[in-house]
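Undergrad: I have a structure here, written as structure tokens, and I will follow up with some questions on it.
The values are calculated or read from the model by the stated rules, or taken from the named source; none is laboratory data. Note that the structure is predicted; figures quoted are calculated from it, not measured. When we count neighbours, we look across all protein chains shown, and the Cβ atoms used for this are built from the backbone with ideal geometry, even at glycine.
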Amino acid sequence: MPQPKVDYSLYLVTDSTPAILGNKDLVKVVEAAVAGGITLVQLRDKTSDTGDLIRIAKALHEVTRAANVPLLINDRIDVALASDVEGVHIGQDDMDYKTARKLLGPDAIIGVTANTEAEALQAARDGADYLGVGTVFSTATKANTKSIVGTAGVQHILSSLALQDLGHVKTVCIGGINAKNAQRVLYQTASSTKNLDGIAVVSAIMAASDPSAAAKHLKGLVSSPPPFA
Ligand code: TZP
Ligand code: MG
């Protein structure tokens, strides 16, 4: 079934490591975040076995499906197929976009990480539904982040996409985004040609003591950005 229009405005990327999740329950945190208004979820888990990953994906999918929030799987096309979720997010070192599309079909949501202008242009030309642009700010959440692009780097990539007639691709940015800087990120990356469609966060929600309140607060910030100059 074709995906209804996807709302990228507040994208939660999960992290089950104790440093971020603490002793909270992943499914309950996602449930709370969905109640708080997140619009998209990515299951990002680099350590669980395949069987466990599929079980986790199915449990999360029950929660997200009830709220019409799409669930994507990081890296693992096989897990996305096995758990029948809405799509995947792939990095530059994962399966290539075209093969992922062939396996998942035309209706899946496929996002691609873009650290550079060249990667963004290529993924957009290939037909990715959205780009995860970053890393915006340095973050302890992801080891080995490539270059920190800053808001100026994100803005440059957005303008370049528009200039190359690739303005249709959706874009979110990721890396160190929280309630303190979310509006600034949206404001400083905006241009006359192309704005971000949303922000993606890990620790700002996953590490919060009250993930529902954290999501609700962020939702308010991204829903009413300051007027663009
Ligand atoms: N990709 C680039 S930075 C990052 C990912 C998955 C982690 C972002 O985590 P946080 O806690 O929102 O800074
Ligand atoms: Mg990856």
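Undergrad: Within the range 86-109, is there a residue that is of a type in the set (K, R) and in contact (Cβ under 8 Å) with a residue 40 or more places away in the chain?
TA: Taking every residue of the range 86-109 in turn, none turns out to be of a type in the set (K, R) and in contact (Cβ under 8 Å) with a residue 40 or more places away in the chain.
Undergrad: Hey, among G134, G87, G111, which residue is at pLDDT below 95, surrounded by 24 or more Cβ atoms within 10 Å (Cβ to Cβ) and either within 13 Å of the chain's Cα centre (by Cα) or farther than 22 Å from T39 by Cβ (or both)?
TA: Numbers: G87 fails: at pLDDT below 95; G111 fails: at pLDDT below 95.
Being at pLDDT below 95, surrounded by 24 or more Cβ atoms within 10 Å (Cβ to Cβ) and either within 13 Å of the chain's Cα centre (by Cα) or farther than 22 Å from T39 by Cβ (or both) holds for just one of G134, G87, G111, which is G134.
Undergrad: Limited to the range 86-144, what total is found for residues that are touching a strand residue (DSSP E or B) at 6+ places or on another chain (Cβ under 6 Å), more than 16 Å from ligand 1 (Cβ to nearest atom) and assigned to a loop (DSSP other than H, G, I, E, B)?
TA: The number of residues fulfilling the criteria is 3.
Undergrad: Oh, and also: Working only within the range 46-76, note down all residues that are touching an Asp or Glu at 6+ places or on another chain (Cβ under 9 Å), outside any helix (DSSP H, G or I) and charged (D, E, K, R).
TA: Listed by number, the residues that qualify are K46, D75, R76.
Undergrad: Quick one: would you say Y187 is of a type in the set (F, W, Y), surrounded by fewer than 24 Cβ atoms within 10 Å (Cβ to Cβ) and within 25 Å of S48 (Cα to Cα)?
TA: no
Undergrad: Another question, if that's okay. Pick from the range 151-173 the residues that are closer than 19 Å to S223 by Cβ and within 13 Å of ligand 1 (Cβ to nearest atom): which of them is surrounded by the fewest Cβ atoms within 10 Å (Cβ to Cβ)?
TA: V172
Undergrad: Any residue in the range 52-72 that's among the charged types (D, E, K, R): show its pairings with residues that are assigned to a helix (DSSP H, G or I) and crowded, with 20+ Cβ neighbours inside 10 Å at Cβ separation under 9 Å, as long as the two are six or more apart or on different chains.
TA: Close Cβ pairs satisfying both conditions: R55/S83; K58/S83.
Undergrad: Turning to a different aspect of this structure: If I ask for residues that are touching an Asp or Glu at 6+ places or on another chain (Cβ under 8 Å) and more than 7 Å from ligand 1 (Cβ to nearest atom), which ones from the range 177-206 would you list?
TA: G198, M206
Undergrad: Looking for whichever is within 17 Å of the chain's Cα centre (by Cα), assigned to a helix (DSSP H, G or I), away from ligand 2 (no atom under 16 Å from the Cβ) and within 23 Å of D25 (Cα to Cα) here; the options are A204, A179. Which one fits?
TA: A204
Undergrad: Do you know which of the residues in the range 10-38 that are surrounded by fewer than 20 Cβ atoms within 10 Å (Cβ to Cβ) and hydroxyl-bearing (S, T, Y) is farthest from I56 (Cα to Cα)?
TA: By that ranking, first place goes to T17.
Undergrad: Still on this structure: Filter the range 140-149 down to residues that are surrounded by 19 or more Cβ atoms within 10 Å (Cβ to Cβ) and more than 16 Å from ligand 2 (Cβ to nearest atom), then give me how many there are.
TA: 1
Undergrad: Among the candidates L163, L196, L104, L186, which residue alone is away from ligand 2 (no atom under 16 Å from the Cβ), out of contact with any helix residue (DSSP H, G or I) (no Cβ under 6 Å at 6 or more places or on another chain), within 19 Å of Y8 (Cβ to Cβ) and not basic (K, R)?
TA: Result of the check over L163, L196, L104, L186: L186.
Undergrad: Hey, does the range 214-226 have a residue that's assigned to a loop (DSSP other than H, G, I, E, B) and touching a strand residue (DSSP E or B) at 6+ places or on another chain (Cβ under 9 Å)?
TA: Among the residues of the range 214-226, not one is assigned to a loop (DSSP other than H, G, I, E, B) and touching a strand residue (DSSP E or B) at 6+ places or on another chain (Cβ under 9 Å), which makes the answer no.
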